[in-house]
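K.L.:
Dropping a structure here in structure tokens format, bear with me for questions.
The values are calculated or read from the model by the stated rules, or taken from the named source; none is laboratory data. Computed from a predicted structure; not experimentally measured. Glycine also receives a Cβ, built like all others from the backbone with ideal geometry; neighbour counts cover every protein chain displayed.
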Ligand code: SOE
């Protein structure tokens with residue numbers, strides 16, 4: 001008989017679906033002591049919420065997250081609402097003794113993140129932040145290769161996250177689905193939404209960032225607000241590029257935009273070391289490209305590792321070698337790792353504290369874009 005982890009999900013958007021899928025599928029593929037139980041889904045719009053709850057199999061609904069936190073039949077709260085609500089819910093959930101799985105980014109800024117870390121650490125509740133790309137098998141494989149020392153001294157880290165969905169000036173800001181464009185709900189634009197992913201992976205693979213210099217641009221300065229119908233200034237960054245130094249002496253180059261026509265979600269990174277390099281591309285997510293200078297000269301070249309063998313990270317839990325998995329599986333992996341962490345008593349990274357480091361880099365990036373100078377993290 002498995003131990004239950006009774007989930008209270010707050011929010012029902014895109015991320016509510018990815019996480020719910022993770023909870024539903026995890027025990028089919030991973031052998032774990034715990035099983036998630038979809039106890040309750042919570043949001044204000046009952047009609048939409050009920051559809052979501054029925055589709056994913058949540059046993060009940062709540063319209064007020066405070067009521068959800070009062071329930072004794074909920075062990076863990078999953079926060080899948082806009083960024084401006086993360087702090088209040090997370091602190092109240094920690095005070096109510098609930099475990100917390102929080103959608104990225106952790107908070108609107110690092111000051112909020114600090115308070116959230118203090119709350120979960122004081123309460124001693126297990127916590128994690130859904131930076132899902134860490135759990136693409138090829139990305140975890142890159143981590144293992146780098147940690148084994150095969151790259152030698154690292155010189156460069158390069159990452160991009162490119163999209164094109166906000167180019168039209170007819171697109172409103174704010175409200176359902178478009179809160180990412182409203183600075184009051186999102187905190188920032190591509191920096192907190194997309195570069196946060198790149199930074200989380202970078203810090204995990206290559207260590208801490210010490211200083212940054214950045215530029216941002218808001219190409220469309222005013223948009224109709226979906227909730228008020230009024231034309232209001234746009235406060236988010238539409239594009240952001242930054243240079244940085246890592247603690248290990250390597251140099252970083254990051255770019256993100258929602259104005260790269262033709263790119264829907266192109267996340268790529270490349271790490272260059274003295275002996276070898278790795279590179280990865282979300283559009284080919286099951287492959288890791290690897291170049292090893294020690295290879296025999298005539299055969300030396302980039303090799304493309306199809307990360308589908310049973311001894312590759314996570315892959316032993318899926319199909320037979322050669323058959324690949326995709327985006328949604330990264331969330332199944334995060335649930336699996338969270339449930340495993342409950343068995344072992346270890347933390348499930350990235351914890352709130354780990355995600356705070358990403359938040360600090362984002363803050364320094366936005367500060368540098370304003371000050372037009374290098375900023376320490
Ligand atoms: C934005 O379009 C977005 O959905 C991000 O919010 C996600 O974190 C990213 O994984 C995909 O793009």
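K.L.:
Just one of the numbered conditions (1) within 16 Å of the ligand (Cβ to nearest atom); (2) out of contact with any strand residue (DSSP E or B) (no Cβ under 8 Å at 6 or more places or on another chain); (3) over 14 Å from residue 361 (Cα atoms) is not true of residue 196; which one?
P.N.:
Only one criterion in (1) within 16 Å of the ligand (Cβ to nearest atom); (2) out of contact with any strand residue (DSSP E or B) (no Cβ under 8 Å at 6 or more places or on another chain); (3) over 14 Å from residue 361 (Cα atoms) is unmet by residue 196, namely (3).
K.L.:
Which numbered condition in (1) closer than 30 Å to residue 150 by Cβ; (2) in contact with a strand residue (DSSP E or B) (Cβ under 8 Å, 6 or more places away or on another chain) is the only one that residue 238 fails?
P.N.:
Here residue 238 meets the rest and fails (1).
K.L.:
Now a separate question. Across segment 361-374, which residue is nearest to the chain's Cα centre (by Cα) among those that are surrounded by fewer than 20 Cβ atoms within 10 Å (Cβ to Cβ) and not in a loop (DSSP other than H, G, I, E, B)?
P.N.:
367
This table checks each residue for (1) touching a residue at least 60 places away in the same chain (Cβ under 8 Å); (2) within 18 Å of residue 338 (Cβ to Cβ).
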| position | (1), (2) |
| --- | --- |
| 15 | yes, yes |
| 19 | yes, yes |
| 25 | yes, yes |
| 28 | no, yes |
| 33 | yes, yes |
| 37 | no, yes |
| 42 | no, no |
| 47 | no, no |
| 50 | no, no |
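K.L.:
Can you name every residue in segment 199-218 that is within 16 Å of the ligand (Cβ to nearest atom) and touching a helix residue (DSSP H, G or I) at 6+ places or on another chain (Cβ under 8 Å)?
P.N.:
199, 200, 201, 204
K.L.:
Mind checking which residues of segment 268-295 are outside any helix (DSSP H, G or I), within 16 Å of the ligand (Cβ to nearest atom) and in contact with a strand residue (DSSP E or B) (Cβ under 6 Å, 6 or more places away or on another chain)?
P.N.:
The answer is 268, 269, 280, 281.
K.L.:
Kindly indicate the residue of segment 244-266 that is over 21 Å from the mean Cα position of the chain (by Cα) and assigned to a strand (DSSP E or B) and also nearest to residue 208 (Cα to Cα) among those meeting that condition.
P.N.:
That would be 245.
K.L.:
Considering only residues that are within 12 Å of the ligand (Cβ to nearest atom) and part of a helix (DSSP H, G or I), look in segment 159-190 and name the one that is nearest to residue 112 (Cα to Cα).
P.N.:
186
K.L.:
Let me ask another. Give the residues of segment 120-156 that are touching a strand residue (DSSP E or B) at 6+ places or on another chain (Cβ under 7 Å) and either more than 26 Å from residue 329 (Cα to Cα) or free of Cβ contacts under 8 Å to residues at least 24 places away in the same chain (or both), sorted by residue number.
P.N.:
120, 150, 151, 152, 153, 154, 155, 156
K.L.:
So which of 228, 308 ends up being assigned to a loop (DSSP other than H, G, I, E, B), more than 21 Å from the chain's Cα centre (by Cα), surrounded by 18 or more Cβ atoms within 10 Å (Cβ to Cβ) and assigned by TED's automatic domain parsing to the domain that holds residue 189?
P.N.:
On inspection, the qualifying residue turns out to be 308.
K.L.:
Mind checking whether some residue in segment 310-322 is in contact with a helix residue (DSSP H, G or I) (Cβ under 6 Å, 6 or more places away or on another chain) and without any contact (Cβ under 8 Å) to a residue 24 or more places away in the chain?
P.N.:
Looking for residues that are in contact with a helix residue (DSSP H, G or I) (Cβ under 6 Å, 6 or more places away or on another chain) and without any contact (Cβ under 8 Å) to a residue 24 or more places away in the chain, one finds at least one in segment 310-322, hence yes.
K.L.:
Answer with yes or no whether residue 197 is within 21 Å of residue 267 (Cα to Cα) and surrounded by fewer than 19 Cβ atoms within 10 Å (Cβ to Cβ).
P.N.:
So residue 197 does not fit the description; no.
K.L.:
Further question on the same structure: Do you know which residues across segment 231-267 are within 16 Å of the ligand (Cβ to nearest atom) and surrounded by fewer than 17 Cβ atoms within 10 Å (Cβ to Cβ)?
P.N.:
Answer for segment 231-267, where residues must be within 16 Å of the ligand (Cβ to nearest atom) and surrounded by fewer than 17 Cβ atoms within 10 Å (Cβ to Cβ): 261, 262, 264, 265, 266.
K.L.:
Residue 78: within 16 Å of the ligand (Cβ to nearest atom) and in contact (Cβ under 8 Å) with a residue 60 or more places away in the chain, yes or no?
P.N.:
In short, yes.
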